[in-house]
1. How long are the semi-axes of the ellipsoid equivalent to the chain, from square roots of 5 times the Cα gyration tensor eigenvalues, in whole Å, largest first?
2. Can you compute 3J(HN,Hα) from phi for each residue in the range 83-94, using the Karplus curve 6.51 cos²θ - 1.76 cosθ + 1.60 with θ = phi - 60°, rounded to whole Hz and x for Gly and Pro?
3. Accessible area, 1.4 Å probe, largest first: how do Ile63, Ile36 sort?
4. What area, in nm² and to one decimal, does the C-alpha convex hull of the range 48-91 cast on average over all directions?
5. If r is the Cβ-Cβ distance from Asp21 to Asn106 and R0 is 30 Å, what FRET efficiency results, to the nearest 0.05?
6. Output wanted: per-residue J couplings in Hz (rounded whole) for the range 43-59, from phi through Karplus 6.51 cos²θ - 1.76 cosθ + 1.60, θ = phi - 60°, x for Gly and Pro.
7. Phe34: accessible area at probe 1.4 Å, nearest 10 Å²?
8. Give the Rg (one decimal place) followed by the Dmax (whole number) of the range 1-43, computed from C-alpha coordinates and expressed in Å.
Amino acid sequence: MPERKFGGALIAYSNIKLLRDNGRVIDDAPFIHFKIQADFVLFRPSVGSCLRGVVNKVGKDHIGLLVHDHFNVSVPLLQNGHREEVTVVKGDSCTFTVSHLYMHRNLLSMRGKHVQR
């Protein structure tokens, strides 16, 4: 059975339907695999997209944001040798441009640039 890649972070699912009455144990895995059909909600940001996040950290060299209360964003204040002057405080809602996407241990995080209130 091939593993399906969503190309994004799974947010929610609904309307699950079993496509077969029985499942399969694959190799020595302690899981039973079933073929299903379902509706999925994915978060699939791309480099260059403009997103909105809430400031959760203001440091000397970066701003930390949360997108959808879950996804971490780090926005370095030093961009191309120039320090961006951004006046934000914890709790502010800001827009930014996605510059990098990272997956580590199945967790999506982002790096951004050009924060605006």
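The values are calculated or read from the model by the stated rules, or taken from the named source; none is laboratory data. These numbers come from a predicted model, not from an experiment. Every residue, glycine as well, gets a Cβ built from its backbone with ideal geometry; the counts of neighbours run over all protein chains shown. The protein model used for the area step is the full one, side chains on, heavy atoms only, and it has no ligands, DNA or RNA in it. Shrake-Rupley method; radii C 1.70, N 1.55, O 1.52, S 1.80 Å.
1. Details: eigenvalues 303, 40, 27 Å².
The equivalent ellipsoid of the chain has semi-axes of 39, 14, 12 Å.
2. 7, 6, 9, 10, 9, 9, 10, 3, x, 5, 9, 9
3. Details: Ile63 0, Ile36 80 Å².
Output order, biggest surface exposure first: Ile36, Ile63.
4. Values: hull surface 13.6 nm².
Computing the convex hull of the Cα atoms and averaging its projections yields 3.4 nm².
5. Details: r = 30 Å, r/R0 = 1.00.
So the FRET efficiency works out to roughly 0.50.
6. Per residue, the Karplus-derived 3J(HN,Hα) values read 9, 10, x, 10, 4, x, 6, 9, 10, 10, x, 10, 5, 10, 7, 10, x Hz.
7. 90 Å²
8. Considering the range 1-43 through its Cα atoms, Rg and Dmax are 12.1, 32 Å.
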